[in-house]
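Participant: Below is a structure I'd like to ask you about.
The values are calculated or read from the model by the stated rules, or taken from the named source; none is laboratory data. Keep in mind it's a predicted model, so treat the numbers as computed, not measured. When we count neighbours, we look across all protein chains shown, and the Cβ atoms used for this are built from the backbone with ideal geometry, even at glycine. These accessible areas exclude ligands, DNA and RNA; they are computed on the full protein's heavy atoms, side chains included. Shrake-Rupley method; radii C 1.70, N 1.55, O 1.52, S 1.80 Å.
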Amino acid sequence: MTDQANPYEAKTVADVLSELKVQVTAGLTDVEVQERRKTYGLNEVPEKKQSFLLVFLKHFWGLTAFMLEFTIVASFVLHKYVDVYLISGLMLFNAVMGFIQERKAARTVKALKKSLQVFVRVLRGGQWLQLAGNQLVPGDIIRIRMGDFIIADAKLIEGMAGADQSALTGESKLIDKNEGNILYAGSVIKNGECNAVVVATGVKTFFGKTAQLVQTAKPHMHMEDVVKNVVKILFSIVLVFLAITIAISLLHGVAFLSILPLMLILLISAVPVALPAMFTIGMANGSRQLAAKGILVSRLSATEDAATLTTLCIDKTGTLTQNILSVQEIISAEGFNAADVVRYAVLASVAANQDPIDLAFIQKAADDKTVVTGYTQKSFTPFTAAAKRTEAVVEKDAVQITVMKGAYNTMKELCKFQNPDFDKKVDTWAASGFKTIAVALTQDAVTKIVGIAALIDPPLPGSAEMIKKIQELGVQVKMLTGDALPIAKEIAVQVGIGADVVAAGVLRTGSDTYNTIIARNGFAEVLPEDKFNIVKTLQQHHEITGMTGDGVNDAPALKQAEVGIAVLSATDVAKQAASVILLRAGLEGIISLITVGRIIHHRIANWVVSKISKTLFTVVFLCSAYMITGQFVVNAFDMVFLLFIIDFVSLTFSTDTVTSSPNPESWSIKPLIKQGFVLGVLSIAEAFIWLYVGKQYFGIVRLHALHSFGFVILFFTGIFNILVVRTPGRFYRQPIGKLLLGAIIADVVLALVILKTGMFGFVILPTVVIGCSVLYFLFCSLLINDWVKVKVNHAK
């Protein structure tokens, strides 16, 4: 990126302000903003919309679609035109339904993106406001601080900043920006602060786009590994039985082409066709539910990770505490009074920064009516981790002084200040959870302490109760804070985390880091790299880790954690790194996130069990029945029809009413396979019993009648077993979701209508056969299978 990347780079600040017709001390008026909005539009780049037609056609592309299309061609060659029409119609219906669900999910993501806007400090009509970044127009005066994410090209008016432009240039080197330089959209401010005037927005910025907080990269999901393993097992079972069936058919002189369509359909049955749609719908519904509670999920799969969360590393400020500091007590040094302490602290502050410490002193001055007029702030040096203080040069009556405020030990060393009484008081404040700020001034080359002030950021109401609830959910809580050890201990005790809090230095020198982390309730005096290393160490020992944070320095740990949670006061960089953003103070959002995540996990696990049992039952029963009777009890169309109507019901698993587990979930495949195989084997035995009854007592021997009877067996076994797998306990103890119940009833009604009217080529079965079948499979599923399922679950 060259210095002349923006035409405003070469112009002076005065020329730019004149050209944009804005006063640096007042900003734009509402009228001016509206006029410019008409000219420049919102500060955003319209997303390139994908063709609806292409999105729709994707439903006819892929392994499953190809196999169905091949089946249609094979049926056409065999002159089975009814199968051709019906299978084609089902494919079209499935494509339409899938397209509708994708559009709903896309609207959810769009709503999330809209909610996850960057907020900026803007000077409008002489007042500093917090506005959404897309409201910026050229000529706006903005305040930029460390941690800000720049979303419009802006020219520095005063101050300085260190900008990370790596997202734009690929170079990680920090670029110093001073008065007259351009800050480009997409940059991240790593240090310093400044005022700037917006010179370009939206498509007019250098890169022609606004960086978005919603990540487009698809993260790896633990569930995908489980599904892959399940599919491998199912395919192995299917391939073995199909190979045996094909071999027997060929030995009996059956033409391979005539059985190929059904073989392909059975192979398709092992593919979890509905899982992506079910998962997307479930995640989208969960995200909408969480958004209503003030929790924004920036990637849909974050709730899956929350379900398996085992350890939560929690920040103190803004999460456990209110992040609203107030001055509780002031002690002035000799020669000064309390009003002096407040006055000089305010002069060493900048209101536009909205810094909690600055605001505490500004509010105290307003409450006490402390006079701070008559002073002119000539320069301001913001707080940095190295300096640990803010500093300003102020002038009054042609006399300049330097005022400072910062950490007591820092200011004490700077001023060579010795006062045992002050030291003792600071220790007392720290033990009570107070933050001590020392105020000093330099006049006539002499730097001296003006006084000290105790600031408190009390725990949020209900923090202790929320911590207890998180722990009751089986999640370990570790407090990580940069505050001094006495303050950290006091807050940890108040909120119920525990008193076993130590300085983070033990992690840098010890060898058994993991056990040290697990043994302690929290760590104080934590550095950014400590947070990252703690998260990584926990992950290396198979802990699913969450991390809360709000600052630039928290971003690496937030990005590393499976569940990175940016709290209410988080900087834009922290929000960008996190997968979850809280829009309300406190921990209630985290509890909701865990609970909703576990509910979604439960629904997906139910679907996987259902898929395993259904596939095992369908393939083994059909192939075994063929080997025994020499006939297929269903044809290709029957199987395709079954796949679609059962999968239609399966999609509503994503909305079922299930309970949240009291402990962290896990994607252990063995319990799912065990339950699925047990139900599958039971269903096979029950199906053969009823097939025998059908032949011996109902006289169903003709091929077409057998197809209808086979459809009855496969359909009612699959549909009623859904009621069994949806809950680990007895089926009647957990209320069923309205949509799932409605889908099951609709499917049963549709099947009964088809069987009694002979639609789609089915042979009409006697009412007594259908009625007895319904009662038999209800009995098998809800009494036998449900009882065995409970025994299997208790034997885990």
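Participant: Of G125, G133, which residue is closer than 30 Å to S379 by Cα, at pLDDT 85 or above and open to solvent by 40 Å² or more (accessible area, probe 1.4 Å)? If you could, list the steps in order and put the result at the bottom.
Facilitator: On the way: G133 fails: open to solvent by 40 Å² or more (accessible area, probe 1.4 Å).
Matching residue, one of G125, G133: G125.
Participant: Return only the number of the condition from (1) open to solvent by less than 10 Å² (accessible area, probe 1.4 Å); (2) under 30 Å from T657 (Cα atoms); (3) in contact (Cβ under 8 Å) with a residue 40 or more places away in the chain that I591 does not satisfy.
Facilitator: So the condition that I591 fails would be (1).
Participant: Same structure, new question: State all residues of the range 520-529 that are surrounded by fewer than 20 Cβ atoms within 10 Å (Cβ to Cβ) and modelled with pLDDT under 90; if no residue qualifies, say none. Talk me through it step by step, then tell me what you get.
Facilitator: Let us first name the residues in the range 520-529 that are surrounded by fewer than 20 Cβ atoms within 10 Å (Cβ to Cβ), namely 520-521, 525, 527-529.
The answer is E525, L527, P528, E529.
Participant: From the list V658, V640, V649, which one is assigned to a loop (DSSP other than H, G, I, E, B) and not basic (K, R)?
Facilitator: Among V658, V640, V649, only V658 is assigned to a loop (DSSP other than H, G, I, E, B) and not basic (K, R).
Participant: Here's another thing I want to ask about it. Could you go through the range 733-745 and let me know if any residue there is within 19 Å of V649 (Cα to Cα), out of contact with any Ser or Thr (no Cβ under 9 Å at 6 or more places or on another chain) and at pLDDT 90 or above. Break it down stepwise before answering.
Facilitator: Of all residues in the range 733-745, those within 19 Å of V649 (Cα to Cα) come to 734-745.
Filter again for out of contact with any Ser or Thr (no Cβ under 9 Å at 6 or more places or on another chain), leaving 745.
Those still in the list that are at pLDDT 90 or above too: 745.
Yes.
Participant: May I pose another question? Within the range 449-457, identify whether any single residue is surrounded by fewer than 21 Cβ atoms within 10 Å (Cβ to Cβ) and either assigned to a loop (DSSP other than H, G, I, E, B) or at positive phi (or both), and answer yes or no.
Facilitator: So far as the range 449-457 goes, no, none of its residues is surrounded by fewer than 21 Cβ atoms within 10 Å (Cβ to Cβ) and either assigned to a loop (DSSP other than H, G, I, E, B) or at positive phi (or both).
Participant: If I filter the range 459-479 down to residues being open to solvent by 40 Å² or more (accessible area, probe 1.4 Å) and touching a strand residue (DSSP E or B) at 6+ places or on another chain (Cβ under 7 Å), which single residue comes out as nearest to V495 (Cα to Cα)? Spell out the reasoning first.
Facilitator: At the first step, the residues of the range 459-479 found to be open to solvent by 40 Å² or more (accessible area, probe 1.4 Å) are 461, 464-465, 468-469, 471-472, 476.
Those still in the list that are touching a strand residue (DSSP E or B) at 6+ places or on another chain (Cβ under 7 Å) too: 471, 476.
Values: Q471: 12, Q476: 14 Å.
Out of the qualifying residues, it is Q471.
Participant: A follow-up question, please. Name the one entry in L312, L320, L347, L325 that is surrounded by 18 or more Cβ atoms within 10 Å (Cβ to Cβ), closer than 28 Å to A578 by Cβ and at pLDDT 90 or above.
Facilitator: Values: L320 fails: at pLDDT 90 or above; L347 fails: closer than 28 Å to A578 by Cβ; L325 fails: at pLDDT 90 or above.
The unique qualifying residue is L312.
Participant: Right, next: Has the range 168-181 got at least one residue that is open to solvent by less than 40 Å² (accessible area, probe 1.4 Å), at pLDDT 85 or above and of a type outside the set (A, V, I, L, M)? Show your work before the answer.
Facilitator: As a first pass, look at the range 168-181 and keep what is open to solvent by less than 40 Å² (accessible area, probe 1.4 Å): 168, 177, 180.
From the residues that got through so far, the ones that are at pLDDT 85 or above too are 177, 180.
Applying the additional criterion that residues be of a type outside the set (A, V, I, L, M) yields 177, 180.
Within the range 168-181 (the criterion being open to solvent by less than 40 Å² (accessible area, probe 1.4 Å), at pLDDT 85 or above and of a type outside the set (A, V, I, L, M)), the answer is yes, since at least one residue qualifies.
Participant: While we're here: For the range 563-581: of the residues being of a type outside the set (G, A, S) and at pLDDT 75 or above, which is nearest to the chain's Cα centre (by Cα)? So that I can check it myself, show each step before the final result.
Facilitator: So in the range 563-581, the residues of a type outside the set (G, A, S) come out as 563, 565, 567-568, 571-573, 575-576, 580-581.
Now restrict to residues that are at pLDDT 75 or above: 563, 565, 567-568, 575-576, 580-581.
On the way: V563: 7, I565: 8, V567: 13, L568: 15, K575: 11, Q576: 11, V580: 4, I581: 8 Å.
By that ranking, first place goes to V580.
Participant: For the range 561-576, enumerate the residues that are open to solvent by 20 Å² or more (accessible area, probe 1.4 Å) and among the small types (G, A, S).
Facilitator: Step one: list which residues in the range 561-576 are open to solvent by 20 Å² or more (accessible area, probe 1.4 Å), which gives 562, 568-569, 571, 575-576.
The one that is open to solvent by 20 Å² or more (accessible area, probe 1.4 Å) and among the small types (G, A, S): S569.
Participant: Here's something else I'd like to know. Do we have I736 as out of contact with any Phe, Trp or Tyr (no Cβ under 9 Å at 6 or more places or on another chain) and either over 22 Å from W607 (Cα atoms) or assigned to a loop (DSSP other than H, G, I, E, B) (or both) here?
Facilitator: It is true that I736 is out of contact with any Phe, Trp or Tyr (no Cβ under 9 Å at 6 or more places or on another chain) and either over 22 Å from W607 (Cα atoms) or assigned to a loop (DSSP other than H, G, I, E, B) (or both).
Participant: If you don't mind, there's one more thing I want to ask. I'd like the full set of residues that are open to solvent by less than 60 Å² (accessible area, probe 1.4 Å) and among the aromatic types (F, W, Y), limited to the range 744-771.
Facilitator: Hit for the range 744-771 is F762, nothing else.
Participant: Let me ask you something else. For the condition among the β-branched types (V, I, T), open to solvent by 10 Å² or more (accessible area, probe 1.4 Å) and either under 27 Å from L706 (Cβ atoms) or touching a Ser or Thr at 6+ places or on another chain (Cβ under 7 Å) (or both), what is the one hit in T615, T629? Quick ask: steps written out before the conclusion?
Facilitator: Working: T615 fails: open to solvent by 10 Å² or more (accessible area, probe 1.4 Å).
Of the residues listed, the single one that is among the β-branched types (V, I, T), open to solvent by 10 Å² or more (accessible area, probe 1.4 Å) and either under 27 Å from L706 (Cβ atoms) or touching a Ser or Thr at 6+ places or on another chain (Cβ under 7 Å) (or both) is T629.
Participant: How many residues, within the range 387-442, are in contact with a Gly (Cβ under 8 Å, 6 or more places away or on another chain) and not small (G, A, S)?
Facilitator: 7
Participant: Moving to a separate point now. Is it the case that L251 is crowded, with 18+ Cβ neighbours inside 10 Å, modelled with pLDDT of 65 or more and more than 30 Å from V33 (Cα to Cα)? Don't jump to the end; show me each part of the working.
Facilitator: On the way: crowded, with 18+ Cβ neighbours inside 10 Å: no; modelled with pLDDT of 65 or more: yes; more than 30 Å from V33 (Cα to Cα): yes.
So L251 does not fit the description; no.
Participant: Here are some residues: L672, L616, L679. Which one is out of contact with any Phe, Trp or Tyr (no Cβ under 6 Å at 6 or more places or on another chain), assigned to a helix (DSSP H, G or I), modelled with pLDDT of 80 or more and within 28 Å of I470 (Cβ to Cβ)? Lay out the reasoning, then the answer.
Facilitator: Details: L616 fails: within 28 Å of I470 (Cβ to Cβ); L679 fails: within 28 Å of I470 (Cβ to Cβ).
Checking each option against the conditions leaves just L672.
Participant: Give the number of residues within the range 480-497 that are touching a residue at least 40 places away in the same chain (Cβ under 8 Å) and open to solvent by 20 Å² or more (accessible area, probe 1.4 Å).
Facilitator: Within the range 480-497, residues that are touching a residue at least 40 places away in the same chain (Cβ under 8 Å) and open to solvent by 20 Å² or more (accessible area, probe 1.4 Å) number 7.
Participant: Between residues in the range 498-525 that are among the hydroxyl-bearing types (S, T, Y) and residues that are open to solvent by 60 Å² or more (accessible area, probe 1.4 Å), which pairs lie under 7 Å by C-beta distance while being six or more apart or on different chains?
Facilitator: Short answer, once both residue conditions are applied: Y514/H541; T516/V506.
Participant: When you go through (1) open to solvent by less than 50 Å² (accessible area, probe 1.4 Å); (2) closer than 27 Å to E413 by Cα; (3) in contact with a helix residue (DSSP H, G or I) (Cβ under 6 Å, 6 or more places away or on another chain); (4) of a type in the set (V, I, T) one by one for I362, which number turns out not to apply?
Facilitator: The number of the failed condition is (1).
Participant: Checking the conditions here, which among A464, A430 is within 30 Å of T308 (Cα to Cα) and either assigned to a helix (DSSP H, G or I) or out of contact with any helix residue (DSSP H, G or I) (no Cβ under 8 Å at 6 or more places or on another chain) (or both)?
Facilitator: On the way: A430 fails: within 30 Å of T308 (Cα to Cα).
When all the criteria are applied, what remains is A464.
Participant: Considering each of F383, F417 in turn, give the residue that is part of a loop (DSSP other than H, G, I, E, B), farther than 23 Å from M146 by Cα and of a type outside the set (G, A, S).
Facilitator: On the way: F383 fails: farther than 23 Å from M146 by Cα.
Result of the check over F383, F417: F417.
Each row is one residue, and each column tells you yes or no for (1) open to solvent by 30 Å² or more (accessible area, probe 1.4 Å); (2) over 27 Å from I362 (Cα atoms).
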| residue | (1), (2) |
| --- | --- |
| Q400 | yes, no |
| E413 | yes, no |
| P420 | yes, yes |
| D423 | yes, no |
| A430 | no, no |
| T442 | yes, no |
| V446 | yes, no |
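Participant: For the range 540-560, enumerate the residues that are surrounded by 24 or more Cβ atoms within 10 Å (Cβ to Cβ), outside any helix (DSSP H, G or I) and at pLDDT below 90.
Facilitator: G549, D550
Participant: Then there is this: State all residues of the range 705-747 that are free of Cβ contacts under 8 Å to residues at least 60 places away in the same chain and closer than 20 Å to G694 by Cα; if no residue qualifies, say none.
Facilitator: The one that is free of Cβ contacts under 8 Å to residues at least 60 places away in the same chain and closer than 20 Å to G694 by Cα: S708.
Participant: Can you pull out every residue in the range 715-743 that is open to solvent by 10 Å² or more (accessible area, probe 1.4 Å) and hydrophobic (A, V, I, L, M, F, W, C)?
Facilitator: F720, L723, F731, I736, L739, L741
Participant: Among the residues of the range 292-340, write down those that are closer than 15 Å to I590 by Cα and without any contact (Cβ under 8 Å) to a residue 24 or more places away in the chain.
Facilitator: Listed by number, the list holds a single entry, A292.
Participant: Condition first: small (G, A, S), in a loop (DSSP other than H, G, I, E, B) and open to solvent by 40 Å² or more (accessible area, probe 1.4 Å). Now tell me which residues in the range 328-344 satisfy that. Don't jump to the end; show me each part of the working.
Facilitator: At the first step, the residues of the range 328-344 found to be small (G, A, S) are 332-333, 335, 338-339.
Subsequent filtering for residues that are in a loop (DSSP other than H, G, I, E, B) retains 333, 335.
Answer for the range 328-344, where residues must be small (G, A, S), in a loop (DSSP other than H, G, I, E, B) and open to solvent by 40 Å² or more (accessible area, probe 1.4 Å): just G335.
Participant: Six or more apart or on different chains, Cβ atoms under 9 Å: show the pairs whose first residue is in the range 666-683 and under 14 Å from N793 (Cα atoms) and among the polar types (S, T, N, Q) and whose second is modelled with pLDDT of 85 or more and outside any helix (DSSP H, G or I).
Facilitator: The qualifying pairs are Q675/P728.
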